[in-house]
Amino acid sequence: MRVIAGLWRWRRNPLRRRTDVAEAWAALLAAVCIALGAPTVGVTVGSAVQDTLLRWVHEQQQERHLVTATVVRRIPHPPIDPDPETSSARDAHHRVVAAWTAPDGTARSGPAITPRATTPGDRFRVWTDARGRLVPRPLDRTTANSHAALAGGGAAVAAAGLVEAGRRLVVWRLMHRRYGQWDRAWERAGQDWGRTGTGS
């Protein structure tokens, strides 16, 4: 509304310059693009990302299987790490050698990570692929939708930022042209400055 009011104010102002009107129109165009274009870009990008992620969710849920593994033995922790961040992340999980049965019935064993301290014989759940290899937990729909929403929001903000950057570039060029006009006007005025009959 402020941009529209500015255009209306400049419409019949005798002091207006073409650069003033161009600057106001650039602001109005940028406002329209941000108000209408940025949300459209966000929805488009978010929908595309959501479709892709939901296909991954479906594929991973079809290809990954939750099976029960049995702890065979614990794997000793590596030497103490002086970095508190890496050591705390390490201590939050426990490495063990476990045995499990693949979806095709094949017996499997190997190193695995448990979220809690365990002893030989304890059972815990792991995700495997069709061949029985350990894989990360499949992506769920809630996480996919959250990622899609973040992608859409980021795209909308980026689009708005590009529009604003374009507006600022236009304003900068208009200001540069305006200063050039002022310099030329002062050069012409300086030649007659102080002379009688020049209207000074």
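The values are calculated or read from the model by the stated rules, or taken from the named source; none is laboratory data. Here the structure is a predicted model, which means the values were calculated and not measured. Glycine gets a Cβ as well: all are built from the backbone with ideal geometry, and neighbour counts include every protein chain shown. Quick note on the areas: whole protein, heavy atoms, side chains included, nothing else; ligands and nucleic acids left out. Shrake-Rupley method; radii C 1.70, N 1.55, O 1.52, S 1.80 Å.
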- prompt: Accessible area of Ile75, 1.4 Å probe, to the nearest 10 Å²?
  reply: 50
query: For the range 97-177, what is the accessible area per residue in Å², given a 1.4 Å probe and the full set of protein chains?
result: 64
query: For the range 106-156, with only Lys/Arg (+1) and Asp/Glu (-1) charged at the beta-carbon, what is the dipole magnitude about the Cα centre, in debye rounded to 20?
result: 180
